[in-house]
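In what follows, a structure is listed as structure tokens, so that the remarks can point back to it.
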Amino acid sequence: MPSDNIGAARPASACSVSLVAALQRNLFGNLKRWAFVMTRPPRARIPAWPAGAFTAIGAIVIVVVASMFWLDVAASDWAHHLPPWFRAIFEKITKLGLSGWFLIPFAIMVIGLAAVISPSLSRLSQGVLGALAARFGFLFLAIGLPGLFDTIVKRLIGRARPYVGAHDDPFKYMPFIWRSDYASMPSGHATTAAAAAIAIGAVWPRTRGVMWLYALLIMFSRVVVLAHHPSDVIAGALVGSVGAIMVRRWFAARDLVFSARDLRAYPGPSFARIRATLREAVSSLAAAPNR
């Protein structure tokens, strides 16, 4: 009896090893190919930035500076006098602005799709899964890159958070220091929220209203919980918005996800097509150990 069990276990083990090897080949092969596609020269000319874009950016910078003089301290004083129950609510809300809520699921989707896309699938199914991977890859980069930029810049600026010291001093800085209490500008949560609103709204335009409501709520929460000044939040929103727009333009110039002509997202595959493609992918993976 023991020898029969061992003999039966070996084929199953071999099949598992074969399946894992196939997934690894797909994963590394697709990631390598996608990295090449992402870094290739532009394939099309995209529209220039709107004439008023740089004026708007300049105006926002002026608002940030003005807020440091006339709004930041008043906002901190207001937040200090809020009822504890009100602040407790926003302590929970503000956690929804962490980048992990977006980056982790998007990364899982990209990695999962890279693992299952194989030459054994039909060209149509490869195209459907590739389109999904491009969308999730865009969302990951459009939110992650502005967040990475923010993480580095805020440490170089070294602005004190509102709770540092006996009283709020919006002009207290310790540049080039890697400390959380001196990482106030720009706000990372605001950067993530604004980038998510821009990126997700670009892929699925119908979500724009909800996403900007979410972004404004997260930005407001950072002031309520005394983690940031209003100027930090405005600066973070600017970084996130501009960063996400730049990533969108990068994709459009390479004819990925967005049209180079008007920067609109290409129509995505239907749910029916996605379900059919996933069934084919599952069947292909089940047959992989036997090939």
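The values are calculated or read from the model by the stated rules, or taken from the named source; none is laboratory data. These numbers come from a predicted model, not from an experiment. Here the Cβ is made from the backbone with ideal geometry for all residues, glycine too, and neighbour counts use every protein chain on show.
Below, the figures for the structure above:
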read-out	value
Residue in segment 261-271 that is in a helix (DSSP H, G or I) and free of Cβ contacts under 8 Å to residues at least 60 places away in the same chain present	yes
Within segment 150-194, tally of residues that are more than 15 Å from Arg222 (Cβ to Cβ), crowded, with 16+ Cβ neighbours inside 10 Å and either in contact with a Gly (Cβ under 6 Å, 6 or more places away or on another chain) or hydroxyl-bearing (Ser, Thr, Tyr) (or both)	1
Pairs where the first residue, in segment 86-98, is touching a residue at least 40 places away in the same chain (Cβ under 8 Å) and farther than 12 Å from Ala215 by Cα and the second is among the hydroxyl-bearing types (Ser, Thr, Tyr) and surrounded by 15 or more Cβ atoms within 10 Å (Cβ to Cβ), C-beta under 9 Å, 6+ apart	Phe90/Ser221; Glu91/Ser221
Meets criteria (free of Cβ contacts under 8 Å to residues at least 60 places away in the same chain, under 28 Å from Ile200 (Cα atoms), within 18 Å of the chain's Cα centre (by Cα) and in a helix (DSSP H, G or I)) for Thr151	yes
Residue within segment 154-172 that is under 30 Å from Ala252 (Cα atoms) and assigned to a helix (DSSP H, G or I) present	yes
Only listed residue being assigned to a helix (DSSP H, G or I) and either surrounded by 13 or more Cβ atoms within 10 Å (Cβ to Cβ) or modelled with pLDDT under 95 (or both), chosen from Ile46, Ile62, Ile57	Ile57
